[in-house]
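Below you'll find the structure, written out as structure tokens, and then a few comments.
The values are calculated or read from the model by the stated rules, or taken from the named source; none is laboratory data. Being a predicted model, the structure only gives us computed values, none of them experimental. Every residue, glycine as well, gets a Cβ built from its backbone with ideal geometry; the counts of neighbours run over all protein chains shown. When the accessible area is computed, the model is the full protein with side chains, heavy atoms only, and any ligands, DNA or RNA have been set aside. Shrake-Rupley method; radii C 1.70, N 1.55, O 1.52, S 1.80 Å.
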Amino acid sequence: MKISDIKTLLDAEVVCGEENLGHDVYSACGSDMMSDVLAYVKDQAVLLTGLVNSQVIRTAEMMDMVCIVFVRSKKPTPEMIELAKESGLVLMNTEKRMYEACGLLYKSGLVGNGVRHE
Amino acid sequence: MRPAVCFIKADSSETGSDMSDSVKFRFDVDGSNFTTAGQASVQVKKNLRELGIPAEAIRRVSIAMYEGEINMVIHAHGGVAEVEVFEDKIVIVLSDTGPGIPNIELAMKEGYSTAPDNIRSLGFGAGMGLPNMKRYTDGMKIDTELGKGTTITMVVNF
């Protein structure tokens, strides 16, 4: 699906990166623990999280992700938005909670495969 | 505050390597602010892209170095990160003058962490740092001395 489909499915508000909404994405992950994202995630393009600090942006950048969705109406700080713009990341937020947001995307075909292989 | 960056063209006599040439980056990692942790890794990623290093190697170096940088800020009040790019490998050296690692075997166990609770609330401190650094690199060496500091050397081949 395209990033714009995520916006529609989650009734999300785009914070920055509007110009990249046409990018295709094939998998996603949801976590508030960046340590786990760095350890277990592989090739996921979208991160759903309720954590709000600059390390969320850096973690996504390190993992070559292209979109971060903040759940539970969490809003990124101006500093985070600036970092995201530098990296071309799409940031959006949704009122939906983590479980529901992940479920809606999964049901629509955005799977969670690509978990690290030992 | 941006990390100090300098580009050094090193020859084989300086590096002790049998490679003909290498490019070296050096960063001071500010340990006073968790918010800025990771700046050096972001910059290294950009530099490696400019050098045309294969994407998978860049990804592995970035993640391993980012974990190391976070560790330096959490446990050692910062330090120095040096990245040297050779023809077929990248060597990352992270040095700090922190408290040292009392038990390396324990520290290498997934899930073991001595990070304070406030770090966990920021999304880190799950005890995955060192194991992750080892996982993403082709070689890792830890030199540590209690009360003196720690130097971690990692190699990524490409």
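The number of residues in the range B:117-152 that are more than 14 Å from chain A (Cβ to nearest Cβ) and not acidic (D, E) comes to 12. Screening the range B:22-45 for residues that are buried (at least 18 other Cβ atoms within 10 Å of the Cβ) and among the β-branched types (V, I, T) and picking the one that is farthest from A:M65 (Cα to Cα) gives B:V29. For the range A:84-97, the tally of residues that are more than 14 Å from chain B (Cβ to nearest Cβ) and of a type outside the set (S, T, Y) stands at 7.
I'd like to know if the range B:46-53 contains one or more residues that are open to solvent by 10 Å² or more (accessible area, probe 1.4 Å), facing chain A (nearest Cβ under 9 Å) and closer than 25 Å to B:P131 by Cβ. Before the answer, list the steps.
Restricting attention to the range B:46-53, the residues satisfying the condition of being open to solvent by 10 Å² or more (accessible area, probe 1.4 Å) are B:46, B:49-53.
Checking the rest, the ones that are also facing chain A (nearest Cβ under 9 Å) come to none.
No: zero hits.
Among the residues of the range B:59-116, those that are surrounded by fewer than 22 Cβ atoms within 10 Å (Cβ to Cβ), closer than 11 Å to B:L130 by Cβ and hydrophobic (A, V, I, L, M, F, W, C) comprise B:I104, B:L106, B:A107, B:M108.
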